[in-house]
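Asks: Sending over a structure as structure tokens; questions will come in a sec.
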Amino acid sequence: MELNGEDLRKTRLEQRKGKLKKLLAASGWGLQFVEYMEGDGAIIFQHACKLKLEGIVSKRKDLGYRSGPSRTWLKTKNPASLVALRIVEENAVW
């Protein structure tokens, strides 16, 4: 993970998200930046589902980046999202 040649892997999540926010704001790519939220994960997930988001990723904000599966983050998918429905449909046996 890098930005303009700067290695960001050891940079804390909250600092990386600050850089990402600036990058996306200036890009015009139409991507949605989501602020870091602290709170009850179940409640945050319920709200994400109501907003029809793909899901949430729970991470520790004080850690650097690590690729691949890790015990420091957890992805929770919204089973009703278009992405999840597409995956189910692609794997269906007709």
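Nothing in this text is a laboratory measurement; each read-out follows from the coordinates by a stated rule. For clarity, every value in this text was computed on a predicted model and none was experimentally measured. Virtual Cβ from ideal backbone geometry, glycine too; neighbours counted across all protein chains shown.
Asks: Work out, step by step, the length gained on full extension between residue 21 and residue 83: first 0.36 nm times the residue separation, then minus their alpha carbon distance; give nm to one decimal. Could the numbers behind the result be given before it?
Replies: Numbers: separation 62, 0.36 × 62 = 22.32 nm, distance 2.38 nm.
Length gained between residue 21 and residue 83: 19.9 nm.
Asks: Quick one: in the chain, what % of C-alpha pairs are over 16 Å apart?
Replies: On the way: 2899 of 4371 pairs.
Cα-Cα pairs of the chain separated by over 16 Å account for 66 percent.
Asks: Then there's this: Please give the net charge around residue 38, taking every other residue with its beta carbon less than 15 angstrom from that of residue 38, where Lys and Arg add +1 and Asp and Glu add -1.
Replies: +1
Asks: With a cut-off of at most 15 other beta carbons within 10 Å, and DSSP calling the residue loop, which trypsin sites (Lys or Arg not before Pro) in the stretch 1-66 qualify? Please list them.
Replies: On the way: sites: 9, 10, 12, 16, 17, 19, 21, 22, 50, 52, 59, 60, 61, 66; in loops: 9, 10, 12, 52, 60, 61, 66.
For trypsin sites (Lys or Arg not before Pro) across the stretch 1-66 that sit outside H, G, I, E and B with at most 15 neighbouring Cβ atoms in 10 Å, the list reads 9, 10, 12, 52, 60, 61, 66.
Asks: Ok, one more. What is the gain in length, in nm to one decimal, between residue 8 and residue 43 on full extension, counting 0.36 nm per residue of separation less the C-alpha to C-alpha distance? Walk me through the numbers before you get to the answer.
Replies: Numbers: separation 35, 0.36 × 35 = 12.60 nm, distance 3.03 nm.
Here the segment from residue 8 to residue 43 would lengthen by 9.6 nm.
Asks: Oh, and also: Hey, with R₀ at 22 Å, roughly what FRET efficiency would residue 29 and residue 57 work out to, going by the Cβ-Cβ distance, to 0.05? Display every interim value, and only then the final one.
Replies: Working: r = 20 Å, r/R0 = 0.89.
The formula returns an efficiency of 0.65 here.
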